[in-house]
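Reviewing the structure listed below.
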Amino acid sequence: MKIAFVGKGGSGKTTLSSLFIRHLAANEAPVVAVDADINQHLGTALGLDEIEAARMPALGAHLPLIKEYLRGSNPRIASADSMIKTTPPGEGSRLLRVREDNPVYEACARTVHLDDGDVRLMATGPFTESDLGVACYHSKVGAVELCLNHLVDGADEYVVVDMTAGSDSFASGMFTRFDMTFLVAEPTRKGVSVYRQYKEYARDFGVALKVVGNKVQGPDDLDFLREEVGDDLLVTVGHSDWVRGMEKGRPSRFELLEVDNRMALQALQNAAEDSYAHRDWERYTRQMVHFHLRNAESWGNAKTGVDLAAQVDPGFVLGEALPVPQPS
């Protein structure tokens, strides 16, 4: 399943996404973790030191390689230069799978060794000094969107994306790329404001959204979240000495995480697994094409000099039943 963690800055979404990734690894699930936040902290939350995290390859820096690989032999795409972040796959495109080895993972992913298993980690890369005044952050996450458009995952596989803070993800169609979106909210008015934005924006696209209450200290906090988000509240998380140790760079083994918090993480996994029954590859592909055509008309055609609508393969539907191409 493809899972997104969203929330306002400081809500704890990166911490919770890292805990969820650790939980999945402990349950022996294959995981690809993606840091798509402008503040790149997922690597350190998963135990990398600052030097190791800084050495993570940036997806955005490998965009030409990603495009060339994913283009494959698709006759509708004349060159990798004509691909944009929303370009959908078609007949002949190469697809990404969670468990495989491929040139994209080789260039852009690194293996992170956790207490109970390994995960693949990819990162958009930080906003650098050379970007100041000439680039927006959405150009960085375009590589993530392109990869998600070409990714096929099964029921027992996970792609977990730590998204950029606030409602910035609505600047592209990436918010529709997930089977489940977990919105991390603190029990404050500011904490639930992003929830209201997300709920309204996502309503017309069938986005599955559940709220994870974080930093909940008592019954009053719980009552507040129930009043503000209603049935969308899935679970709450309180203080954690284990997390405090992790944030100091001195984590205990993951098996020592508090029982209540382990149960909360299992509730997230259960909700993610339940979402599989509602997976609709035709709708997923249709939404992908919808955002591609919008981007083509608004800026893509002018930037590439070609009619990007011609990249759409009307008979193609992304799905698990598609064959895995054999290496040539």
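Data overview
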| quantity | calculated |
| --- | --- |
| Any hit, segment 226-242, residues being within 18 Å of residue 265 (Cα to Cα) and among the aromatic types (Phe, Trp, Tyr) | yes |
| Checklist (1) within 18 Å of residue 163 (Cα to Cα); (2) of a type in the set (A, V, I, L, M, F, W, C); (3) assigned to a helix (DSSP H, G or I); (4) in contact with a Ser or Thr (Cβ under 9 Å, 6 or more places away or on another chain) applied to residue 182, failing item | (3) |
| One residue from 245, 218 being open to solvent by less than 30 Å² (accessible area, probe 1.4 Å), without any contact (Cβ under 8 Å) to a residue 12 or more places away in the chain and in contact with a Ser or Thr (Cβ under 7 Å, 6 or more places away or on another chain) | 245 |
| Residue match in segment 63-71 (condition: among the β-branched types (Val, Ile, Thr), touching a His at 6+ places or on another chain (Cβ under 8 Å) and open to solvent by less than 20 Å² (accessible area, probe 1.4 Å)) | no |
| Unmet criterion (only one of (1) under 26 Å from residue 249 (Cα atoms); (2) under 18 Å from the mean Cα position of the chain (by Cα)) for residue 2 | (1) |
| Hits in segment 77-117 - residues which are basic (Lys, Arg) and buried (at least 20 other Cβ atoms within 10 Å of the Cβ) | 85 |
| Test set (1) more than 20 Å from the chain's Cα centre (by Cα); (2) part of a helix (DSSP H, G or I); (3) more than 30 Å from residue 87 (Cβ to Cβ) - residue 250 fails condition number | (2) |
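The values are calculated or read from the model by the stated rules, or taken from the named source; none is laboratory data. These numbers come from a predicted model, not from an experiment. Cβ sites come from the backbone with ideal geometry, for glycine too, and all protein chains shown count toward neighbours. These accessible areas exclude ligands, DNA and RNA; they are computed on the full protein's heavy atoms, side chains included. Shrake-Rupley method; radii C 1.70, N 1.55, O 1.52, S 1.80 Å.
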